[in-house]
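The values are calculated or read from the model by the stated rules, or taken from the named source; none is laboratory data. Predicted model, so just to flag it, every value in this text is computed and none were measured. Positions of Cβ are generated from backbone atoms using ideal geometry, with glycine treated the same way; all protein chains shown enter the neighbour counts.
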Amino acid sequence: MISEEEIAAYLADDLRCIGCGAQIQTTEPDEIGYTPMSALKKGFENEEILCKRCFRLRHYNEIQPVNLTDDDFRRLLDQISGTDSLVVYVMDVFDFSGSLIPGLHRFVGDNPILLVGNKIDVLPRSLRRSKIKDWMRQQANIAGLRPDEIALTSGKNGDDVPALLDLIERYRKGRDVYVVGVTNVGKSTLINQIIKEVTGERQDVITTSRFPGTTLDRIEIPLDEQSAIIDTPGIIHQDQMAHYLTAKDLKYVSPQKELKPRTYQLNAGQTIFAGALARFDYMQGDKGGFTAYFENNLMLHRTKLEKADAFYQQHAGELLAPPEADHLDDLPPLQRHEFKTTQKTDIVIDGLGWLTVPANAIVAAWAPKGVSVLTRKAMI
């Protein structure tokens, strides 16, 4: 049996994963090329040196997310523009603005785009799908995108995957399919559902265990002898709330179940806190209904605007949480953004949720410095 000292010598000599070519390392679980020492020992015994990601892919048909820098991702998009393919662009319907890829329309060339709104299961069921699709098309057009088709899916439950595959087959016309998206949109979960659907019902279409990971910038899932679905790593958006929170706090931010809207009748001079992560001050306007769309377990607190600063100083990290007091210092200070509405409007904090405010209102929204805050025509 090989010893850890011998393995250390191999690691020092640039040991590589046979699946993706990444340099093997045993110390950073969240970094590329990681594999536990115990698994690496077994790999030497079986003459199969794989990183954890490729091991899960090869033996369990499970794709693990890999992150690239903005520059790496844009180089990959540049490659797509030179191909004749279908681009499947996966977005998070709960965090639409936070899952936009700036300038995507310039990178995909003349290739058709299938826009996929993932995590549809977290939106209120009362919201018609046709309305969601119309809203997505409007928002995509504003961003310069002209998708050929829009689909809604839930990577979590996989119910809409067969319909998505039918759309992919209709638009790809025998070509390769590139799946792109930012991190945290559920792209890898959706890809895994696609794999389950294809391998479960069309065994002759796809190999059941080995998906070629030619490099760390792509994983190819064969569709037939000439074409494949190519899963690309997610681009990191540093202005999303998730990048400032611990794994424990993320459960209060990322919805896992259908959202339950919370409506408040506010007079000017009142404030709503969303934990210690955000705050909305109603500065001016008539009494009206304000509806909050956040993870159901995120506590919302209403107070008077004149007391809001002192309330935050006294209760942040305790009554106002997340984050908890131990991690409050890791959160950038809240930054103020003021908006005046002329119609029913969503004030959106990327990766956290939104507050729907009435027309003719002046509202100041506070979010951690660096997190994007914007407005859009009300989704609901």
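For segment 242-273, a residue qualifies if it is part of a loop (DSSP other than H, G, I, E, B), out of contact with any strand residue (DSSP E or B) (no Cβ under 9 Å at 6 or more places or on another chain) and crowded, with 16+ Cβ neighbours inside 10 Å, and the qualifying residues are LEU245, SER254. Tell me which residues, restricted to segment 302-320, are surrounded by fewer than 16 Cβ atoms within 10 Å (Cβ to Cβ) and either touching a Pro at 6+ places or on another chain (Cβ under 9 Å) or not aliphatic (A, V, I, L, M) (or both). ARG302, LYS304, GLU306, LYS307, ASP309, GLN313, GLN314, HIS315, GLU318 - these are the residues of segment 302-320 that are surrounded by fewer than 16 Cβ atoms within 10 Å (Cβ to Cβ) and either touching a Pro at 6+ places or on another chain (Cβ under 9 Å) or not aliphatic (A, V, I, L, M) (or both). All conditions but one from (1) surrounded by fewer than 19 Cβ atoms within 10 Å (Cβ to Cβ); (2) within 26 Å of THR246 (Cβ to Cβ) apply to ARG53; the one that does not is (1). Across segment 357-380, the qualifying residues are those that are modelled with pLDDT under 95 and not in a strand (DSSP E or B), and the one among them that is surrounded by the fewest Cβ atoms within 10 Å (Cβ to Cβ) is LYS369. Taken over segment 324-340, the criterion of being closer than 12 Å to LEU277 by Cβ and touching a Ser or Thr at 6+ places or on another chain (Cβ under 7 Å) is satisfied by HIS327 alone. Every listed requirement among (1) among the β-branched types (Val, Ile, Thr); (2) part of a loop (DSSP other than H, G, I, E, B); (3) modelled with pLDDT of 85 or more is met by ILE32 save one, (3).
Can you tell which of GLY174, GLY144, GLY103 is under 20 Å from LYS377 (Cα atoms) and in contact (Cβ under 8 Å) with a residue 40 or more places away in the chain?
Values: GLY174 fails: under 20 Å from LYS377 (Cα atoms); GLY103 fails: under 20 Å from LYS377 (Cα atoms).
Exactly one of GLY174, GLY144, GLY103 is under 20 Å from LYS377 (Cα atoms) and in contact (Cβ under 8 Å) with a residue 40 or more places away in the chain, namely GLY144.
Taking the numbered list (1) closer than 24 Å to LEU123 by Cα; (2) without any contact (Cβ under 8 Å) to a residue 12 or more places away in the chain; (3) hydrophobic (A, V, I, L, M, F, W, C) in turn, ALA325 passes all entries but (1).
For segment 321-356, the set of residues classified as surrounded by fewer than 16 Cβ atoms within 10 Å (Cβ to Cβ), touching a Pro at 6+ places or on another chain (Cβ under 8 Å) and of a type outside the set (D, E, K, R) consists of PRO332, PRO333, GLN335, listed by residue number.
Matching residues to (1) closer than 30 Å to GLY33 by Cβ; (2) polar (S, T, N, Q); (3) touching a His at 6+ places or on another chain (Cβ under 6 Å); (4) at pLDDT 90 or above:
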| residue | (1), (2), (3), (4) |
| --- | --- |
| THR69 | yes, yes, no, no |
| LEU76 | yes, no, no, no |
| VAL93 | no, no, no, yes |
| SER99 | yes, yes, no, no |
| PHE107 | yes, no, no, no |
| ILE113 | no, no, no, yes |
| SER126 | no, yes, no, no |
| ARG129 | no, no, no, yes |
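The single condition from (1) surrounded by fewer than 21 Cβ atoms within 10 Å (Cβ to Cβ); (2) basic (Lys, Arg); (3) in contact (Cβ under 8 Å) with a residue 12 or more places away in the chain that ARG128 fails is (3).
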